[in-house]
Amino acid sequence: MTVNKHSLLPVHLRMSRRLWMGIFWMGLAAGCGSGETSNAIPDTLVLADVKTGMVFTAPPETAIPAKHPQTGKPTLLRAWYCPRCRTWHPVPPSEVLQRNAKAGKCPKTGVALQPTGPLPANAIALDVSP
């Protein structure tokens, strides 16, 4: 009785070379998409008032927490976007986000918030000039 030496190999090693090459090239193509990623600072910062939920836009160099233009109180925090309910929500500083997993989730849907999203149409432009 002759034993095929390939039948003694584990299944993942018995796959044909052509199949492995196909998997390799598909993986390579998936990882090398044409989508542009950049570490550039966005030119607009989205802020939300922790008291009222009002949304503001400001230059990226704006100090956080920012002062509300009407009350003068520092209640404006950086806002992140919920793709499910399509709204911007205030988020705490990054130190709190790292310690508390729930802090980066939407309070309405529980979905993880994203730091970027479409600029809100109803946002008020914040004037931070001295």
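Every read-out reported here was derived from the displayed coordinates using simple, explicitly stated rules and does not represent laboratory data. On a predicted model such as this, the values are computed, not experimentally measured, just so you know. Don't worry about glycine lacking a Cβ; one is built from the backbone with ideal geometry, like all the others, and counts go over all protein chains shown.
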Open item on the list: Kirkwood Rh and Cα-based Rg: tell me the resulting Rg over Rh for the stretch 45-125, rounded to two decimals.
Closed with: 0.94
TODO: Give the total of Lys-Lys pairs in the stretch 45-125 with Cα-Cα distances below 23 Å; include a pair only if its members are 8 or more places apart or on different chains.
DONE: 5
- [ ] Give me the distance in nm between label points sitting 7 Å out from Cα along the Cα-to-Cβ direction at LYS73 and ALA112, one decimal.
- [x] 3.3 nm
Open item on the list: Tell me the net charge near ARG84. Cut-off is 13 Å between Cβ atoms, ARG84 excluded, with +1 for each Lys or Arg and -1 for each Asp or Glu.
Closed with: +3
Task: For LEU45, LEU126, LEU76, LEU113, order by how many other beta-carbon atoms lie within 10 Å, fewest first - done: LEU126, LEU45, LEU113, LEU76
Task: Neighbour-count order for ARG78, ARG84, fewest beta carbons within 10 angstrom listed first - done: ARG84, ARG78
TODO: Amide H neighbours of LEU45 under 5 Å, at least 5 residues apart or on other chains, H built in the peptide plane: list them.
DONE: ALA58
Task: Derived scalar couplings ³J(HN,Hα) [the stretch 92-107; Karplus, 6.51 cos²θ - 1.76 cosθ + 1.60; whole Hz; x for Gly, Pro] - done: x, x, 4, 4, 6, 4, 6, 8, 10, 5, 6, 5, x, 10, 5, x
